[in-house]
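The values are calculated or read from the model by the stated rules, or taken from the named source; none is laboratory data. Treat the numbers as computed from the prediction; the structure is a model and nothing was measured. No Cβ is skipped: glycine too gets one built from the backbone with ideal geometry, and neighbour counts run over all protein chains shown. Please note that ligands, DNA and RNA were not included when accessible areas were found on the heavy atoms of the full protein model with its side chains. Shrake-Rupley method; radii C 1.70, N 1.55, O 1.52, S 1.80 Å.
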Amino acid sequence: MLVLVAPGQGAQTPGFLTPWLDLPGATDRIAAWSDAIGLDLTHYGTKADADEIRDTSVAQPLLVAAGLLSAAALDASPDVVAGHSVGEITAAAFAGVIGDEAALRLVRTRGLAMAEAAAVTETGMAALLGGDPDVSVAHLEKLGLTPANVNGAGQIVAAGTAAQIAALTEDMPEGVRRVVTLKVAGAFHTHHMAPAVDRLREAAAELETADPAVTYVSNADGKAVATGDEVISRLVGQVANPVRWDLCMETFKELGVTALIEACPGGTLTGLAKRALPGVKTLALKTPDDLDAARALISEHAGV
C-alpha cells in the first residue's frame, strides 16, 4: 500500500523548481498557473533567494505548484494521500477533491491571508529536537507557546511571538537537545492566524468539490475523511489549529502502508517516516532524477 504525501512550508529552497521545468510541458503548466493566480512561480522557483521565498504569500503557492508538478510527472495512483499543513491542499488535488488550478487559487488566498495575519504581531516557529513530547508540551504552555506541529518521531514545532520563541531558546524543555528556528514568517496553526480563517472560508465556499477518489488522511486528527465538503472544511479550520502529523503516521500504520513517496520538495516527511515508520520504504522527490526509483517503488507497493 502506497501513500503519497506533500510537504509543508519551510521545505522550499532557492532554485528547487529549476530541474523540474526541463520536463515536457512543465514550463507551460507553471506559466498557466502563474497567470491564474497573479504570481510568477517560475521566477520564485528558479531565481528568487531564500528571503523572497520565505514570504508566506509566495512560499505556499510555490510548494503546492511544485507538489502538483512532481506528482503529474510521476503519474502515480496512490492508495492513500496526506499533506503537512499547506501540503493538505496539494493532497486534496492528489485525491481529486479539487482541480489543480482551484488548488492554486485557494492556496494563493491562504498565503495572502496568513501573511496579513502574521504581519499584525512579530511571530515565528521553532522545532524542538529530542525530548519527551509530554514534557515539551507542558513546558511550551508554561512559556505561552503553542505546540503547532506535533510531527511524531519526537519532533514538536512550537509557535508564538518572537519574544516567546527567544525565551524558548534560552529555556528549553528537559531532554531537548536543540531548538531550531524555522524559515517561516508567522506563528501558523495558532490563534494568531484566526483572521485568516474567515478569508479562506469565503474562498472555499466558491469551490466545486468531489469526494476523495483515494483515502485522504487529515492532519487535524489523523482520521480518513470520506467527503469533499469535509476535506475543505478541515482545510479551512487547519490554518488556526495544530497539525497532528504524528496521528497521520499512526493511521498509515493502521492502514498497512508499506511505502511512502514525498512530492517535491521532498525530504522533511520522509525523514520523519524513517524514524516513526520502521519497515516502510520511503522516497523523496527532490529532482526528476528520483522519478525512476519512485516508479519502481510504485510498481512494488501501490494497490498491494
message: Suppose we keep only residues that are over 23 Å from LEU247 (Cα atoms) and small (Gly, Ala, Ser) within the range 188-218. Which one would you say is most open to solvent (accessible area, probe 1.4 Å)?
response: ALA205
field: So ALA11, is it within 19 Å of the chain's Cα centre (by Cα) and open to solvent by 10 Å² or more (accessible area, probe 1.4 Å)
entry: yes
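Within the range 165-187, does at least one residue satisfy the condition of being among the basic types (Lys, Arg), surrounded by 16 or more Cβ atoms within 10 Å (Cβ to Cβ) and under 22 Å from LEU207 (Cα atoms)? Outline the logic, then answer.
Initially, the range 165-187 is screened for residues among the basic types (Lys, Arg), giving 177-178, 183.
Retained after the next criterion (residues that are surrounded by 16 or more Cβ atoms within 10 Å (Cβ to Cβ)): 183.
Still in the running and under 22 Å from LEU207 (Cα atoms): none.
No, that holds for no residue.
Given the structure, is LYS183 within 27 Å of GLU52 (Cβ to Cβ), touching a residue at least 24 places away in the same chain (Cβ under 8 Å) and among the charged types (D, E, K, R)?
It is true that LYS183 is within 27 Å of GLU52 (Cβ to Cβ), touching a residue at least 24 places away in the same chain (Cβ under 8 Å) and among the charged types (D, E, K, R).
Step by step: first the residues of the range 240-251, then only those that are open to solvent by less than 70 Å² (accessible area, probe 1.4 Å) and in contact with a Gly (Cβ under 9 Å, 6 or more places away or on another chain), then the one that is farthest from ALA159 (Cα to Cα). Which residue is that? Show your work before the answer.
Here is the first cut: in the range 240-251, the ones open to solvent by less than 70 Å² (accessible area, probe 1.4 Å) are 240, 242-243, 245-249, 251.
Filter once more, so that each one left must be in contact with a Gly (Cβ under 9 Å, 6 or more places away or on another chain): 243, 245-249, 251.
Working: VAL243: 12, TRP245: 16, ASP246: 17, LEU247: 19, CYS248: 20, MET249: 22, THR251: 25 Å.
My answer is THR251.
Okay, residues lined up against (1) modelled with pLDDT of 95 or more; (2) closer than 25 Å to ASN149 by Cα; (3) not in a strand (DSSP E or B):
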{"residue": "GLN9", "(1), (2), (3)": "no, yes, yes"}
{"residue": "PRO14", "(1), (2), (3)": "yes, yes, yes"}
{"residue": "ARG29", "(1), (2), (3)": "yes, no, yes"}
{"residue": "THR42", "(1), (2), (3)": "yes, no, yes"}
{"residue": "LEU68", "(1), (2), (3)": "yes, yes, yes"}
task: Look at the range 219-239 and say how many of its residues are surrounded by fewer than 23 Cβ atoms within 10 Å (Cβ to Cβ) and part of a loop (DSSP other than H, G, I, E, B).
output: 6
statement: By residue number, the members of the range 269-287 that are assigned to a helix (DSSP H, G or I), touching a residue at least 24 places away in the same chain (Cβ under 8 Å) and crowded, with 19+ Cβ neighbours inside 10 Å are LEU269, LEU272, ALA273, ALA276
- request: Within the range 159-170, identify whether any single residue is modelled with pLDDT of 95 or more, under 18 Å from ASP246 (Cβ atoms) and either part of a helix (DSSP H, G or I) or in contact with a helix residue (DSSP H, G or I) (Cβ under 6 Å, 6 or more places away or on another chain) (or both), and answer yes or no.
  value: no
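In the range 38-47, is there at least one residue being touching a residue at least 60 places away in the same chain (Cβ under 8 Å) and surrounded by 14 or more Cβ atoms within 10 Å (Cβ to Cβ)?
Scanning the range 38-47, I find at least one residue that is touching a residue at least 60 places away in the same chain (Cβ under 8 Å) and surrounded by 14 or more Cβ atoms within 10 Å (Cβ to Cβ), so the answer is yes.
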field: Residue identified as farther than 22 Å from ALA220 by Cα, open to solvent by 20 Å² or more (accessible area, probe 1.4 Å) and of a type outside the set (Gly, Ala, Ser) among ASP134, ASP79, ASP51
entry: ASP51
message: Need the failing condition index for THR56 against (1) within 29 Å of ALA159 (Cα to Cα); (2) open to solvent by 40 Å² or more (accessible area, probe 1.4 Å), just the number.
response: (2)
message: Quick check on my filter: what residues within the range 92-105 are in a helix (DSSP H, G or I) and open to solvent by less than 10 Å² (accessible area, probe 1.4 Å)?
response: ALA92, ALA103, LEU104
